[in-house]
Amino acid sequence: MSHFAVIAPPYPSHYQALQAVAGQLLERGHRVTFFHQADARQWLDDPRIGFCTLGAASHPPGSLQQALQLAARPHGPLRLRRLIRQLADTTAMLCRELPDALRTARVDVVLCDQIEVAGSLIGEALGLPRVSMACALPVNREAGLPLPVMPFGPGHNPRLYRGTEQVHDWLMRPLQRVIDEVCERHQLPGRQGLHGCLSPLAQISQTLEAFDFPRRQLPAYCHATGPWRRPTASADWVLSDSRPLVFASLGTLQGHRFGLFMRIARACRTLNVQLLLAHCGGLDADQQTQLRDNGATWVTDFAPQQWAVQAAQVVISHGGLNTVLDAVAAHTPLLVLPIAFDQPGVAARVAYHQLGGVLPRWASSRRIAAALRPLLAAPCVGTGNLDGALRQAGGAQRAADLIESAVVNGRLPVSHDLERF
């Protein structure tokens with residue numbers, strides 16, 4: 001059996017998805033270890049999964065909270081610049097410490113989140129098989145398609161796509177400098193950006209092909225498996241009455257946005273619907289009381305999400321891919337108010353496939369109510385169109401199948417002979 005390393009950004013949504021794949025590998029007798037700074041261990045709740053602490057000097061316990069606060073409020077040039085530098089510093093730390101850590105742990109295969117290039121770069125340097133895992137929208141670039149962080153779809157002037165790519169790459173120069181330094185240090189061929197660090201062995205995404213924009217240039221070793229989820233126990237929530245239910249969640253990083261939650265609550269009060277609001281620990285007791293006083297039926301830190309998106313008539317989301325895919329699987333229309341990262345791109349795909357509505361994050365209560373009204377009245381055209389794709393996708397189980405197949409049949413050797421590094 002093989003020992004798999006998982007290298008991913010220390011965000012709850014990424015760890016949640018990759019834990020589902022790790023669980024499938026563990027059930028087949030493999031060993032799985034996540035490698036990152038000490039604070040990232042908190043996102044792992046499967047005791048079978050190992051964790052190797054890195055960055056004790058540069059990323060000591062307690063330092064992740066500051067990074068998460070930057071990620072939660074990335075707007076404005078200064079904050080965005082600080083965030084990108086922080087991400088680059090973390091990648092540099094991982095690239096320094098992973099070679100010795102992977103060698104000591106006798107890792108056989110590296111599972112590399114597409115958003116964190118350290119796993120792929122060091123896996124290549126050590127001659128280890130590596131599989132790129134897309135927890136967020138795939139970063140693979142293709143002519144005629146926007147970057148995943150952009151809020152528009154296909155069919156625009158190609159100059160728009162080229163221009164946004166140039167601006168994006170300019171902003172990401174701190175990360176590119178780290179990539180260049182690592183390639184020079186380990187005598188690797190040079191490459192550009194996240195998309196230049198993807199595995200040539202296998203790339204696996206939880207974004208359904210039917211949910212993405214039409215693509216024509218993906219390599220044959222790219223696979224879309226649908227959402228990576230672990231089995232969940234049935235929920236014991238009881239609805240108050242027969243009124244329609246709206247479920248609102250802005251994810252773990254954005255759960256502090258009291259003002260947006262308040263506008264959602266007031267919109268739902270206008271429409272006389274039940275509102276289940278999950279803030280993921282971002283609000284205090286007084287804020288929760290105010291939300292209940294202004295239209296929320298329930299306000300909680302965490303709700304059983306798969307139950308909630310199935311019970312709801314509409315899901316209001318910031319455009320986090322996990323929540324959106326869960327709503328798609330439940331045939332529940334979406335109202336998306338994107339905030340950052342790939343959320344504008346997710347919202348653009350929701351609109352393109354007619355899976356719901358999209359509003360800016362600063363939308364008023366009146367605009368939110370107006371957008372909810374037609375979604376509550378009738379199902380969206382696209383909510384039933386992905387059934388076949390979802391049934392055949394396979395989720396975490398198929399992802400594990402593909403990983404095992406790539407390791408067994410791949411071109412890269414499985415070797416512990418890493419002493420030359």
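If we scan the range 93-111, do we find a residue that is surrounded by fewer than 22 Cβ atoms within 10 Å (Cβ to Cβ), in contact (Cβ under 8 Å) with a residue 12 or more places away in the chain, in the same structural domain as P10 (by TED's automatic domain parsing) and among the β-branched types (V, I, T)? No; the residues of the range 93-111 include none that is surrounded by fewer than 22 Cβ atoms within 10 Å (Cβ to Cβ), in contact (Cβ under 8 Å) with a residue 12 or more places away in the chain, in the same structural domain as P10 (by TED's automatic domain parsing) and among the β-branched types (V, I, T). Does L402 satisfy the criteria of being under 19 Å from the mean Cα position of the chain (by Cα), over 29 Å from D241 (Cβ atoms) and modelled with pLDDT of 90 or more? It is false that L402 is under 19 Å from the mean Cα position of the chain (by Cα), over 29 Å from D241 (Cβ atoms) and modelled with pLDDT of 90 or more. Any residue that is under 16 Å from H195 (Cβ atoms), crowded, with 18+ Cβ neighbours inside 10 Å, touching a Cys at 6+ places or on another chain (Cβ under 8 Å) and among the acidic types (D, E) - is there at least one of those in the range 122-129? Among the residues of the range 122-129, not one is under 16 Å from H195 (Cβ atoms), crowded, with 18+ Cβ neighbours inside 10 Å, touching a Cys at 6+ places or on another chain (Cβ under 8 Å) and among the acidic types (D, E), which makes the answer no. Restricting attention to the range 251-270, the residues that are closer than 15 Å to A371 by Cα and surrounded by fewer than 18 Cβ atoms within 10 Å (Cβ to Cβ) total 2. Exactly one residue out of R177, R162, R173 is closer than 21 Å to L94 by Cα and over 23 Å from the mean Cα position of the chain (by Cα), and it is R177. For the range 172-191, what are the residues that are farther than 23 Å from G127 by Cα and buried (at least 16 other Cβ atoms within 10 Å of the Cβ)? Of everything in the range 172-191, those that are farther than 23 Å from G127 by Cα and buried (at least 16 other Cβ atoms within 10 Å of the Cβ) turn out to be M172, P174.
A quick yes/no check of all residues on (1) modelled with pLDDT under 95; (2) within 19 Å of the chain's Cα centre (by Cα); (3) within 21 Å of M133 (Cα to Cα):
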{"site": "E184", "(1), (2), (3)": "no, no, no"}
{"site": "P189", "(1), (2), (3)": "no, no, no"}
{"site": "L201", "(1), (2), (3)": "yes, no, yes"}
{"site": "E209", "(1), (2), (3)": "yes, yes, yes"}
{"site": "G226", "(1), (2), (3)": "yes, yes, yes"}
{"site": "A235", "(1), (2), (3)": "yes, no, no"}
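Note on the range 62-84: residues that are within 20 Å of the chain's Cα centre (by Cα) and part of a helix (DSSP H, G or I) total 12. Among the residues here, C197 does not qualify as surrounded by fewer than 22 Cβ atoms within 10 Å (Cβ to Cβ) and touching a Ser or Thr at 6+ places or on another chain (Cβ under 7 Å).
Only residues that are assigned to a helix (DSSP H, G or I) and either touching a residue at least 24 places away in the same chain (Cβ under 8 Å) or buried (at least 21 other Cβ atoms within 10 Å of the Cβ) (or both) were counted in the range 303-352, giving 25.
For L376, the criteria (1) touching a Ser or Thr at 6+ places or on another chain (Cβ under 9 Å); (2) under 17 Å from L275 (Cβ atoms) hold in every case but one, which is (1). Figure legend. Inter-residue proximity from the range 359-370: first residues among the β-branched types (V, I, T) and buried (at least 19 other Cβ atoms within 10 Å of the Cβ), second residues modelled with pLDDT of 95 or more and in a helix (DSSP H, G or I), beta-carbon distance below 7 Å, spacing 6+ or different chains. Indicated pairs: I368/R263; I368/I264; I368/A267. Between I115, I49, the distinction of being among the β-branched types (V, I, T), closer than 28 Å to R257 by Cα, within 21 Å of the chain's Cα centre (by Cα) and at pLDDT 95 or above belongs to I115 only. Taking strands (runs of 3 or more DSSP E) as the structural unit, those lying wholly within the range 175-277 and holding at least 1 residues that are touching a Pro at 6+ places or on another chain (Cβ under 8 Å) and in contact (Cβ under 8 Å) with a residue 24 or more places away in the chain correspond to 202-205, 222-224. Scanning the range 353-368 for residues that are over 11 Å from F211 (Cα atoms) and either in a loop (DSSP other than H, G, I, E, B) or within 16 Å of the chain's Cα centre (by Cα) (or both) returns L359, P360, R361, W362, A363, S364. Among the residues of the range 47-80, the one identified as surrounded by fewer than 13 Cβ atoms within 10 Å (Cβ to Cβ) and touching a residue at least 40 places away in the same chain (Cβ under 8 Å) is H75.
The values are calculated or read from the model by the stated rules, or taken from the named source; none is laboratory data. Computed from a predicted model, the values in this text were never measured in an experiment. Note that we place each Cβ from the backbone using ideal geometry, even for glycine, and neighbour counts take in every protein chain shown.
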